[in-house]
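All remarks here apply to the structure that follows.
Since every read-out is calculated from the coordinates, none of them should be taken as a lab result. Here the structure is a predicted model, which means the values were calculated and not measured. Every residue, glycine as well, gets a Cβ built from its backbone with ideal geometry; the counts of neighbours run over all protein chains shown.
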Amino acid sequence: MSQMNAKPAPLRMAAVMLAALLALCAAAVAATPGEAHAAQEPAYAMLYSDNTLVFQRGDTPDASHGELEEKIANVEKASVTATNEPYFGLWGWGTREVKKVIFKDRIRPASLQYWLAGMHNLKSIENIGNLDTSRATSMKGMFEWCEQLKSVDLSSFDTRRVTNMSNMFAGCSELRKADLSSFDTSKVTDMFGMFFECSKLSSVNVTSFDTSKVKNFNSMFCSTEKLKTINLSSFTVKKGAKVGLFETNYHWTPWNKTITVSTGFKGALELSRELNEGKLNGLNYVFSTKKARSTNKKVLTVTKLGVASVKGVGTAKLKGPRATYTVKVVPAQATSKKPAATKKGFTAKWKKQSGIDGYKVQWSTDKNFKKAVKSKTVKGAKRTSLKVGKLAAEKTYYVRVCAYKKVSGKTYCSAWSKTRAVKTK
């Protein structure tokens, strides 16, 4: 290198340091989330004498919670939950006495099976947003027998990989509301006993549920006496699935309910054997000889004790000697397609559906459809698109569609389709 092109020593050193810094930044950017995750300290469950359970990175104790009684390492591994139902919980003998759970640091478990199960005194969960559920494939028994837990925020849960939600909230007898509207259940195959014995549950939102792969619904809402109204309009039932949603083999007190289902319930809809139960005879039932009956056979027909078949859109009462279910049947959930962007607008698209009178299309700049919502009714079952214009340019809109049918002067709408995003030109 000639003297004219040579850089002074300080400048050469600065250039080398800058290049090294840029290389480090590039490596950090290029690292996958998994690699970045692996570089973190191991995750621990720390159980303290004040009945607080803390999930954190590293094993440094927090003296503010008293004496450290249990320390379990590597809680993100699937092997931690690879067990039969743990009577005393996963985190040691003191699990039953835990009153508070704190997610101090962000953790990403491979399984959430029985994660908080058996915490009979649990009343509060802090920083649950630090629980990254995106890797979990099982939530079986996750909150089972959390008998003092009145509420839990599930809005941050990523359930795209979950296949098992059986007994997820079973025995949560103080739970009042459950909003699962953000759940993706497209891979779930088991919902057995999901809300079993949630005796004070008065409101549940499962309107986003995709149940096309679920094989077992049995006892899903068994012993939910405070739950008077349930919207299951997004549920579809595959052939051969077990659908005794409210039945049980050892509970015999029925309650009246109003249920919304769709024509997507193929075959038998086993609402409840409890509609017909007679006297308890030892450990076995003596069923009433009276069969449950439907008040509108165009909507529901009864095939045997407590079992009805969905026939069409409308409202019917399923009456038994000891309880009555009001069943509202709506069209099957509409299926949306990706909208096509146009200049200051878009074209909404959906799949054709039979046995209906038309569709309703909604769009908004709010993905939750809480504000600025516009809608348009499309008459006729054959139409499968709608052009929308006079909107803001280069703005993102969220679009969804439902199917409707009019019966005896009443309009019955299906569950909303999957929401699609489109950016106008």
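Available extension along the chain between Ser208 and Lys311 is 34.8 nm, counting 0.36 nm per residue and deducting the alpha carbon span.
Between Ser124 and Lys371, the modelled label-to-label distance comes to 3.0 nm, taking each label 7 Å out from Cα in the direction of the beta carbon. Distance between the 7 Å Cα→Cβ label points at Glu174 and Ser385: 5.6 nm. Working ranking of peptides 237-243, 184-190 by packing, defined as the average number of other Cβ atoms within 10 Å per residue, highest first, is 184-190, 237-243.
Derived scalar couplings between HN and Hα for the stretch 331-336 equal x, 4, 4, 6, 10, 8 Hz in order, rounded to whole Hz, by the Karplus curve 6.51 cos²θ - 1.76 cosθ + 1.60 (θ = phi - 60°), x for Gly and Pro. Its Cα centre serving as origin, the stretch 336-423 has a Cβ charge dipole (Lys and Arg +1, Asp and Glu -1) of approximately 140 debye. Simple spin-label estimate for Lys418 and Ser181 gives 2.0 nm between the two label positions (7 Å along the Cα-to-Cβ direction from each Cα). When the convex hull of its Cα atoms is viewed from all sides, the stretch 347-425 shows a mean projected area of 5.4 nm².
Per-peptide packing, taken as the mean over residues of other Cβ atoms within 10 Å, places 324-334, 338-348 in the sequence 324-334, 338-348 from highest down.
Taking amide H as placed 1.01 Å from N in the peptide plane, Ala178 has its amide H under 5 Å from the amide H of Ser203, Val204, Asn205, each at least 5 places away in sequence or on another chain.
In plain terms, the chain from Asp50 to Lys239 could stretch by 63.0 nm, reckoned as 0.36 nm per residue minus the Cα-Cα distance.
Here the stretch 323-355 is scanned for amide nitrogen atoms under 15 Å from the site 7 Å beyond the Cα of Thr229 along Cα-to-Cβ, giving 326-329. For the stretch 366-381, putting each phi into the Karplus relation 6.51 cos²θ - 1.76 cosθ + 1.60 with θ = phi - 60° gives couplings of 9, 5, 9, 6, 9, 8, 6, 9, 10, 8, 8, 9, 10, 7, x, 7 Hz, in residue order, rounded to whole numbers and with x for Gly and Pro. Picking from Leu391, Ser375, Cys402, whose Cα lies most toward the positive end of the charge dipole for the stretch 336-423 (charges on Cβ: Lys, Arg +1; Asp, Glu -1)? The listed residue farthest towards the positive side: Leu391.
Applying 1/(1 + (r/R0)^6) with R0 = 60 Å to the Cβ-Cβ distance of Ala73 and Lys297 gives a FRET efficiency near 0.45. Using 1/(1 + (r/R0)^6) with R0 = 25 angstrom and r between the beta carbons of Lys410 and Lys200, what's the FRET efficiency to the nearest 0.05? Working from the Cβ atoms, E equals 0.20.
Separation of the alpha carbons by more than 25 angstrom is noted, of Lys338/Lys376; Lys140/Lys238; Lys343/Lys405; Lys257/Lys360; Lys352/Lys405; Lys367/Lys387, for Lys343/Lys405; Lys257/Lys360. Packing order of peptides 59-67, 139-147, 192-200, 292-300, highest average first: 139-147, 192-200, 292-300, 59-67 (average count of other Cβ atoms within 10 Å over each peptide's residues).
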